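Report on the structure given below.
The values are calculated or read from the model by the stated rules, or taken from the named source; none is laboratory data. In this text the structure is predicted, and so the values were computed from the model without any measurement. Reconstructed Cβ throughout: ideal geometry from the backbone, glycine too, with neighbour counts over all protein chains shown. All accessible areas refer to the heavy atoms of the entire protein, side chains included, with ligands and DNA or RNA removed. Shrake-Rupley method; radii C 1.70, N 1.55, O 1.52, S 1.80 Å.
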Amino acid sequence: MPGKNSKRKSRPFAGWVFLAVVAIGYGVTAIVDNDLAAAALAGWFGLLAKVLPVLALIFGLLFLAEAFLERAWIVRHLGRAAGPKGWALAVLCGVLSVGPIYAWYPLLGELSKKGMRSALAATFLYSRALKLPLLPLMAHYFGVAYTIFVSISFILFAVLNGLIMEALMGDRPSHRPEDVDQ
Amino acid sequence: MGSVNRFRRAGRRSVISFIKVLPIVIGVLGLASLLAAALPAGALARFLPMEGTFGPLLGAVVGGVAAGHPLTSYVLAGEFGSAGIGLATITAFIVSWVTVGLVHIPIESATLGMRFALWRNAISFASAVIIGYLAAIVMPLL
């Protein structure tokens, strides 16, 4: 029986339609409040400039994943058979990953297609909340004890969220075991 | 020859995947920027109660709607603390800021599925509220 994820329809132009809707939103905003639209547009270009290097990194990772990561390897290390090592890998990669979260979705999508557990994808995304370089700032504002409490909570809830996600997604792997390359 | 084909195939697939998500990434950035300009997090914080049972819930709502670098959430949360807003609310705000992304749902659903995106954000929102309450219980004991 196909998983619900396999029912995901391919809409090749959906992204462009979404971008057009956002552009229309800017147009409407410019009519209502030109200054607001100009400020938002400046912010948009600023964000794009910041994100471009990360997008290049993600494209490189996508290429490497396509070229070297066999589906069987992903299923073994990030699939249901991975066990505690898979969870640890998802948390560690989430904590160490850099750049904005949206840049990582395409890679996770590809890994998911190749057999990554949805639970580990959710755990990776949640673990990204723990930003090691920003911990000193958090400690400065809220104290060391609070920083330790929040950091531990992030890791525990990352795993908990992964487990809940898997239960809600139907407790099945992202893709069917029969899809796995033998 | 086999490896050349493999790299060529990998390159083609990567470019196709990338082109598919690129307009969504650009659109999400535009949406986030428009939202940040129209509803600055500082202005949203006016809706936060100083104390109260529903403080963490509202803190999580504001954190989930706001968009920006996590650094901004720490600075804002520090200001909220100085203004007298409770620790539970502040914690829910910080956690929700970095784990819930309403603006990112279009790209998350395009790559991982709508069901995944909606459930993940809903669970992360609930987690932010729970961690907020836990902070209020645990921190006085430390």
Q. How many of the residues in region A:60-90 are within 14 Å of the chain's Cα centre (by Cα) and either surrounded by 22 or more Cβ atoms within 10 Å (Cβ to Cβ) or not aliphatic (A, V, I, L, M) (or both)?
A. 2
Q. Does B:GLY78 count as of a type in the set (Gly, Ala, Ser) and under 11 Å from the mean Cα position of the chain (by Cα)?
A. no
Q. Conditions: (1) more than 11 Å from chain A (Cβ to nearest Cβ); (2) free of Cβ contacts under 8 Å to residues at least 12 places away in the same chain; (3) hydrophobic (A, V, I, L, M, F, W, C). B:LEU34 meets all but one. Number of the miss?
A. (1)
Q | Failed criterion for B:ALA122 (all others in (1) more than 7 Å from every other protein chain (Cβ to nearest Cβ); (2) under 20 Å from A:GLU166 (Cα atoms); (3) modelled with pLDDT under 90 hold) | A | (3)
Q | Boolean, A:PHE18 is more than 30 Å from A:VAL159 (Cβ to Cβ), open to solvent by 30 Å² or more (accessible area, probe 1.4 Å) and part of a helix (DSSP H, G or I) | A | yes
Q: Starting from region A:54-79, take each residue that is closer than 17 Å to A:MET116 by Cα and list its partners that are of a type in the set (Lys, Arg) and surrounded by fewer than 17 Cβ atoms within 10 Å (Cβ to Cβ), counting only C-beta distances under 8 angstrom and pairs at least six apart or across chains.
A: A:GLU66/B:ARG9; A:GLU66/B:ARG13; A:ALA67/B:ARG6; A:HIS77/A:LYS85
Q: Could you tell me whether any residue of region A:37-49 is buried (at least 20 other Cβ atoms within 10 Å of the Cβ) and at positive phi?
A: no
Q) In region B:96-119, which residue that is more than 7 Å from chain A (Cβ to nearest Cβ) and either over 24 Å from B:VAL21 (Cβ atoms) or touching a helix residue (DSSP H, G or I) at 6+ places or on another chain (Cβ under 7 Å) (or both) is most open to solvent (accessible area, probe 1.4 Å)? A) B:LEU102
Q) Tally time: how many residues in region A:66-93 are within 11 Å of chain B (Cβ to nearest Cβ) and assigned to a helix (DSSP H, G or I)? A) 3
(Q) Anything in region B:51-85 that is open to solvent by less than 40 Å² (accessible area, probe 1.4 Å), more than 13 Å from chain A (Cβ to nearest Cβ) and not in a helix (DSSP H, G or I)? List them, or say none. (A) B:ALA66, B:GLY84
(Q) Restricting to region A:110-144, give me the number of residues that are facing chain B (nearest Cβ under 7 Å), open to solvent by 10 Å² or more (accessible area, probe 1.4 Å) and either within 14 Å of the chain's Cα centre (by Cα) or charged (D, E, K, R) (or both). (A) 2
Q. Which of the residues belonging to region B:127-136 are at the interface with chain A (Cβ under 9 Å from one of its Cβ atoms) and either over 20 Å from A:ALA145 (Cβ atoms) or not in a helix (DSSP H, G or I) (or both)?
A. B:SER127
